[in-house]
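Enquirer: The structure is given below, and queries will be raised subsequently.
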Amino acid sequence: MSFSFSKSLVLICLLGLCLQNTASSQAQKSGKKALLIGIGHYPAEGGWATINSSNDLGLLKESLQAQGFNKENILELAESNATKVNILKTIKVDFTSKLNKGDIAYFHFSGHGQQMQDKNGDEVDGLDECIVPYDSPKKYVEGQYEGERLISDDELNEALTEVRKKLGPTGHLIVLLDACHSGTGTRGSALARGTTEVMASKAYVENLNKKSLTKEFKQTEQDNSSGSSSKLAPFVAFFGAAQNQLNYEMTDDKKVSYGSLSYAFSKNIVQIGQETSYRGLFDKIRNEMASIAPLQNPQAEGDLDMEVLNGKALANADYYKVLSVIAPDQVYINAGQLHNLFENSKVAFYPVDTRDIEKTKALVTGTVIQSKAAQSKVKLDSVIDPDLLKTSWVFVLEKSIGETKVSLRILIDEQSVQNSIQDQLNKLPFIDFKKEGSDLSIEFDKQNSNKLYLKTFDNYYLDSLNIALNREINLKGFVSKIKKYAQGRFIRKLEMQGQDLKLSFKIIPSNINANITNVDELKELMPDSFGVKKLKVGESFHILVINNGLKPAFFTILDIQPDNYSIVIVPGERQTPEEFRILPDQKLFIKDPWEIGPPLGNEVFKLIASDKPMDLRSVFGTRGGIEQSPFEKLYKETMSDDMIGTRGSRVLNLGSSEIDINKESFLIYE
């Protein structure tokens, strides 16, 4: 795609951006303005699936306002109003007219994406990437509809270039498109925002495979030679997936679906620190996406080394504040799901300017009874002076960290087999049955009606079994694999931040560090030009751990593979947990190398720090051990029959100051 920024891939797989408003006066001063376009309910005759774009816009508005965007400066264009004519007019006229030199502008599209025949020959693959307005049907019908109501990358580039001109070189533009086009097809059951059906004639599509295009992607600023590009605002653009991937929706713990990149951006923009670059923000988005959308490899381009919001981002505080007192024993606070604060979390209210909660008595404690995107309702354990509450600082004592449920659908036509599977799995309360968009599926082998497969939504085969001639089915093996998948998925999403325990780690490729002996000279795995970190099957790497906290810490490292199978890689089989202790300001290089192997996809490493040694290997039956760390107890509990086999999923609480979790992700490829 090209926004005259870079023909390289701006519509590649569109995504979703956001920011919100905390103080109207500050928003006015900072000049933060946004245009949000969302289409979820296309006309039935157009052939497009219904998606959850309205949820995206609601989430984006909250997170934008949390970052100082005045709600009066957030324009919306939604559903049937978002035709091609209206979209282009709104960008070029309505939105652009509101902008001033030096403003920060955010543009978002949430809807379907599609490819169409390249009209001007500027695309390497012979196809233009397009966003799909409300009035553009899915099918190509020669002589009747050939894509004239799609908005191509060239047209969107032209419109957004006008925005950049209005902003000038002291402003900047952020673009997020939560839609997709793809060249591979929907491999799984998750809801995708796009289609593999190209808006072009059959002959044109067939001829694409015969083309040999050698033109490279280039900067396409038409007036570079005259210097007029220096009058344009810089830009940054994030993409939810690579060019050969679809962009999938994700579902949160409340069963609400969002565009995966919209959610990842929203969550991280509200927690961003000051002086953070867009490259740093994208790194957080990339790690988040590896957990919630493992099929996708998000990408980025533009001026990524700019500070987020021109250095005007509102810093994430260590504490939260009371938004309003709604009853003698109930208040709203300014933190919610995007801050990893969920229902049943325990919070405490302290006098203003409290720095050490261990040495200060709380004014009152409470429990989160309703968690929204960026705010929560708290029920107090007792009633106190509302004036004290309004000025208090709110700290999290215990975070509710989610459930271990997974969704599953049975794709079996044979009624007796379907009933047998349903009867056995109905007894397991950690399984949610769904007809669409499930995590897992059980289905017949297409060539063998006596063989069943257990598959993930992204087509990883977890297990198989042969059905007896009498059609009796024993699902014991499937249940074990479902539990293992549930645990990996739970750990993949788990996030905790310590107060005094703050560790980080780097992946150190062996091939570029072979002759380096000084730990400060080690070169970490770096992203490519689109922000993707990659390791090839057969390559090896080391890990460098750094203690940025105030206390010594013990640590373990988990590897959550693309199929959600999780293993402990630190400590190793012949090592003890006590060996992995790191002092403040220390850098610890783990000399033993690891070699990359399949399965292919997004790998996630999680480093868990604790003030006590922990041995999670006993969970896998490799060795015993005394439960010493609170995280070890939590981790074992997620796999116990008492937790997941009989009582079902439940909320787990763990003191937020007891552990610290840091994660890193990378793409494994051949």
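The values are calculated or read from the model by the stated rules, or taken from the named source; none is laboratory data. A quick note: this is a predicted structure, and the numbers were derived from the prediction, not measured. As a convention, Cβ positions derive from the backbone with ideal geometry for all residues, glycine included, and neighbour counts pool all protein chains shown.
Enquirer: Output yes when any residue across segment 640-661 is at pLDDT 90 or above and not assigned by TED's automatic domain parsing to the domain that holds D283, and no when none is.
Expert: Yes, the conditions are met somewhere in segment 640-661.
Enquirer: Another question, if that's okay. Count, please, the residues in segment 611-625 that happen to be buried (at least 18 other Cβ atoms within 10 Å of the Cβ) and either at pLDDT 90 or above or of a type in the set (V, I, T) (or both).
Expert: Number of matching residues: 1.
Enquirer: Look at N548 and say whether it is touching a residue at least 40 places away in the same chain (Cβ under 8 Å), within 26 Å of the chain's Cα centre (by Cα) and farther than 30 Å from I482 by Cα.
Expert: Criteria met by N548.
Enquirer: Out of the residues in segment 474-516 that are of a type in the set (G, A, S) and surrounded by 18 or more Cβ atoms within 10 Å (Cβ to Cβ), state the one that is nearest to the chain's Cα centre (by Cα).
Expert: Taking segment 474-516 first, the residues of a type in the set (G, A, S) are 477, 480, 486, 488, 498, 504, 510, 514.
So of that shortlist, the ones also surrounded by 18 or more Cβ atoms within 10 Å (Cβ to Cβ) come out as 486, 488, 498.
Working: A486: 18, G488: 16, G498: 22 Å.
Step by step, filter segment 474-516, then rank; the result is G488.
Enquirer: OK, next. Mind telling me which of the residues L88, L36 ends up being buried (at least 23 other Cβ atoms within 10 Å of the Cβ), within 19 Å of L150 (Cα to Cα), modelled with pLDDT of 95 or more and touching a helix residue (DSSP H, G or I) at 6+ places or on another chain (Cβ under 6 Å)?
Expert: Result: L36 is the single residue among L88, L36 that is buried (at least 23 other Cβ atoms within 10 Å of the Cβ), within 19 Å of L150 (Cα to Cα), modelled with pLDDT of 95 or more and touching a helix residue (DSSP H, G or I) at 6+ places or on another chain (Cβ under 6 Å).
Enquirer: Testing Y134 on (1) assigned to a loop (DSSP other than H, G, I, E, B); (2) of a type outside the set (S, T, N, Q); (3) at pLDDT below 95, one condition comes back false. Which one is that?
Expert: (3)
Enquirer: Kindly provide the set of residues from segment 51-82 that are over 24 Å from the mean Cα position of the chain (by Cα) and surrounded by 17 or more Cβ atoms within 10 Å (Cβ to Cβ), ordered by number.
Expert: Within segment 51-82, N70, N73, L77, A82 meet the criteria.
Enquirer: How many residues, within segment 332-351, are more than 22 Å from S266 (Cα to Cα) and under 34 Å from the mean Cα position of the chain (by Cα)?
Expert: 6
Enquirer: Just give me the residues in segment 318-344 being at positive phi and buried (at least 22 other Cβ atoms within 10 Å of the Cβ), in sequence order.
Expert: Scanning segment 318-344 gives a single hit, N340.
Enquirer: Next up: I need the strands (runs of 3 or more DSSP E) fully contained in segment 213-299, keeping only those with at least 3 residues that are of a type in the set (A, V, I, L, M, F, W, C) and at pLDDT 85 or above. Before you say what the answer is, go through the steps one by one.
Expert: Numbers: elements: 235-239, 249-251, 257-259.
Those strands (runs of 3 or more DSSP E) span 235-239.
Enquirer: Hey, does segment 564-584 have a residue that's closer than 21 Å to N459 by Cβ, in the same structural domain as Q499 (by TED's automatic domain parsing) and surrounded by fewer than 13 Cβ atoms within 10 Å (Cβ to Cβ)?
Expert: The answer is no; no qualifying residue exists.
Enquirer: Report every pair of residues separated by at least 6 positions or lying on different chains whose Cβ atoms are under 9 Å apart, first residue within segment 145-160 and in the same structural domain as H172 (by TED's automatic domain parsing) and farther than 13 Å from Q114 by Cα, second assigned to a helix (DSSP H, G or I) and of a type in the set (D, E).
Expert: none
Enquirer: Hey, E129 hits all of (1) modelled with pLDDT of 95 or more; (2) charged (D, E, K, R); (3) under 29 Å from the mean Cα position of the chain (by Cα) but one; which does it fall short on?
Expert: For E129, the exception is condition (1).
Enquirer: Examine segment 526-539 for a residue that is in a loop (DSSP other than H, G, I, E, B), aromatic (F, W, Y) and either farther than 22 Å from F631 by Cα or not assigned by TED's automatic domain parsing to the domain that holds L465 (or both), and state whether such a residue exists.
Expert: Yes.
Enquirer: Scan segment 300-336 residue by residue and report those that are at pLDDT below 90 and among the hydroxyl-bearing types (S, T, Y).
Expert: Y319
Enquirer: Continuing with the same structure: Exactly one of these conditions fails for S371: (1) more than 14 Å from F395 (Cβ to Cβ); (2) crowded, with 21+ Cβ neighbours inside 10 Å; (3) within 18 Å of the chain's Cα centre (by Cα); (4) not assigned by TED's automatic domain parsing to the domain that holds F235. Give me its number.
Expert: It is condition (3) that S371 fails.
Enquirer: Taking V256 and the conditions (1) out of contact with any Asp or Glu (no Cβ under 9 Å at 6 or more places or on another chain); (2) on the phi > 0 side of the Ramachandran plot, which numbered condition does it fall short on, given that it satisfies the others?
Expert: (2)
Enquirer: Return the residues of segment 500-557 that are farther than 27 Å from M289 by Cβ and not polar (S, T, N, Q); say none if nothing qualifies.
Expert: Answer for segment 500-557, where residues must be farther than 27 Å from M289 by Cβ and not polar (S, T, N, Q): D500, A514, I516, V519, D520, E521, L550, K551, P552, A553, F554.
Enquirer: Among the residues of segment 540-594, which ones are more than 17 Å from D660 (Cα to Cα), aromatic (F, W, Y) and in a loop (DSSP other than H, G, I, E, B)?
Expert: The one that is more than 17 Å from D660 (Cα to Cα), aromatic (F, W, Y) and in a loop (DSSP other than H, G, I, E, B): Y565.
Enquirer: Report, by residue number, each residue of segment 372-419 that is assigned to a strand (DSSP E or B), in contact (Cβ under 8 Å) with a residue 60 or more places away in the chain and basic (K, R).
Expert: Result: K399, R409.
Enquirer: Also: Give the residues of segment 516-525 that are assigned to a helix (DSSP H, G or I), touching a strand residue (DSSP E or B) at 6+ places or on another chain (Cβ under 8 Å) and among the charged types (D, E, K, R), sorted by residue number.
Expert: Across segment 516-525, the qualifying residue is only D520.
Enquirer: I've got another one for you. In segment 238-288, which residue that is under 20 Å from I51 (Cα atoms), touching a Pro at 6+ places or on another chain (Cβ under 8 Å) and not small (G, A, S) is surrounded by the most Cβ atoms within 10 Å (Cβ to Cβ)?
Expert: L261
Enquirer: Here's another thing I want to ask about it. What is the number of the single condition among (1) charged (D, E, K, R); (2) touching a strand residue (DSSP E or B) at 6+ places or on another chain (Cβ under 9 Å); (3) more than 30 Å from D439 (Cα to Cα) that R286 does not meet?
Expert: With (1) charged (D, E, K, R); (2) touching a strand residue (DSSP E or B) at 6+ places or on another chain (Cβ under 9 Å); (3) more than 30 Å from D439 (Cα to Cα) applied to R286, the lone miss is (3).
Enquirer: Just for segment 374-426: of the residues that are under 32 Å from the mean Cα position of the chain (by Cα) and among the basic types (K, R), which one is nearest to I659 (Cα to Cα)?
Expert: This residue is K399.
Enquirer: Of the numbered conditions (1) surrounded by fewer than 23 Cβ atoms within 10 Å (Cβ to Cβ); (2) within 19 Å of H172 (Cα to Cα); (3) touching a strand residue (DSSP E or B) at 6+ places or on another chain (Cβ under 7 Å), A300 satisfies every one except a single condition; which is it?
Expert: If we test A300 against (1) surrounded by fewer than 23 Cβ atoms within 10 Å (Cβ to Cβ); (2) within 19 Å of H172 (Cα to Cα); (3) touching a strand residue (DSSP E or B) at 6+ places or on another chain (Cβ under 7 Å), just (1) comes out false.
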